[in-house]
Every structure is written in C-alpha cells, then in structure tokens.
1. Cα centroid distance between segment 75-110 and segment 116-134, in Å?
2. Please sort by residue number the GluC sites (Glu not before Pro) in segment 1-103 whose DSSP state is loop and whose Cβ has at most 15 other Cβ atoms within 10 Å.
3. When only alpha-carbon atoms count, how far does the chain stretch along each of its three principal axes, as whole angstroms with the largest first?
4. Please work out the Kirkwood hydrodynamic radius for segment 1-75, using every pair of different C-alpha atoms, and report it in angstroms with one decimal place.
5. Express the carbon and sulfur contribution to the solvent-accessible surface of the chain as a percent, rounded to the nearest whole number, probe 1.4 angstrom.
6. What are the equivalent ellipsoid semi-axes of segment 34-103, built from the alpha-carbon gyration tensor (square roots of five times its eigenvalues), in whole angstrom, biggest first?
7. Mind checking segment 95-136 for GluC sites (Glu not before Pro) that DSSP puts in a loop (not H, G, I, E or B) and that have at most 12 other Cβ atoms within 10 Å?
8. In terms of Cα to Cα distance under 28 Å, which lysines are near enough to K83, apart from those fewer than 8 places away along the same chain?
Amino acid sequence: FSSTAVSRADPWPLPHTPEHMANTTTPADLAPPAPLPRLNESIDVMRARLVYQSRKRGTLESDLLLSTFARDNLSTMSETELKEYDKMLDEPDWDIYYWATGKRAPPERWSNSPILEKLRVHAKNEGKVVRMMPAL
C-alpha cells in the first residue's frame with residue numbers, strides 16, 4: 001500500500017455539479033429521437049401510457065419531476081398537448097430534467113414549447129409542495 005493520497009474522480013457525481021452537467025450533455029448534432037408509431041391509440045390509453053412512462057424513467061430525479069407533473073396535468077391536457085408531451089418523453093432524461101430546472105437551454109425544437117414551460121413552472125414548485133411519487 002502507498003501512503004500517498006490518490007485523487008480519483010467521483011464515478012457518480014451529484015446532479016447540478018459541473019461534473020454531472022458535463023457528463024450528461026447530449027451532443028448538439030444528435031438528431032431528435034424518432035417516435036414509435038402508435039396507430040389507433042385512444043386518448044385514454046395514451047394518458048395511461050404517459051403516466052407510466054413519466055414514472056419509470058431511470059433516474060429518481062426525472063421520475064419524481066415527471067410523475068408528479070403527469071399526475072397534476074395529464075388529465076386536463078388536450079390531444080395535441082399529450083402528443084407533444086409524448087415527444088418530449090423520447091428525449092434523454094437528464095436533458096428534460098435540466099431544461100425543466102433551467103440549468104440548460106433547450107434545443108430550438110423545444111425552446112417555445114408550452115409543455116416545457118408548464119414543466120418549468122412545475123419544477124419551480126413555488127408553493128413549496130412536498131412531492132412524493134404517485135402510486136401507479
């Protein structure tokens with residue numbers, strides 16, 4: 001064993017740290033994801049699928065943000081809004097998270113999105129609501 005200290009980068013940097021921001025950046029030249037065709041999907045089935053997809057993202061931060069947003073907003077969204085939200089869920093988790101929290105500027109395709117704006121308002125949580133994962 002060596003008595004000298006070895007400095008190693010944290011393999012799991014915390015969100016909002018410079019290391020995490022750098023490691024989760026999606027290349028600007030990456031094409032937007034192609035949505036899966038869902039022929040003849042009813043509005044009710046789409047809402048149910050979006051609730052599930054909002055909850056099961058892969059990161060706790062995204063799960064909490066998107067699942068509570070879905071719980072509070074999906075029931076009143078129009079079909080056009082639901083389709084836009086569906087497209088947004090195809091984006092990488094950390095991109096959505098950082099766009100919503102204002103830590104990254106969204107790409108042009110999302111810069112004027114009313115859904116992203118609603119998500120930003122939700123993320124600010126100005127009412128200081130204690131949020132918990134909704135039941136599936």
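The values are calculated or read from the model by the stated rules, or taken from the named source; none is laboratory data. Keep in mind that what you see is a predicted model, and the values were worked out from it rather than measured. Ideal geometry is used to build each Cβ from the backbone, glycine not excepted, and the neighbour counts take in all protein chains shown. Quick note on the areas: whole protein, heavy atoms, side chains included, nothing else; ligands and nucleic acids left out. Shrake-Rupley method; radii C 1.70, N 1.55, O 1.52, S 1.80 Å.
1. Centre-to-centre (Cα) distance: 14 Å.
2. The qualifying sites are E41.
3. 65, 37, 27
4. Kirkwood hydrodynamic radius for segment 1-75: 16.2 Å.
5. Answer for the chain is 58 percent, counting heavy atoms of protein chains only.
6. Here the semi-axes work out to 20, 13, 11 Å.
7. Sites meeting the loop and neighbour criteria: E126.
8. Filter leaves K56, K103, K118, K124.
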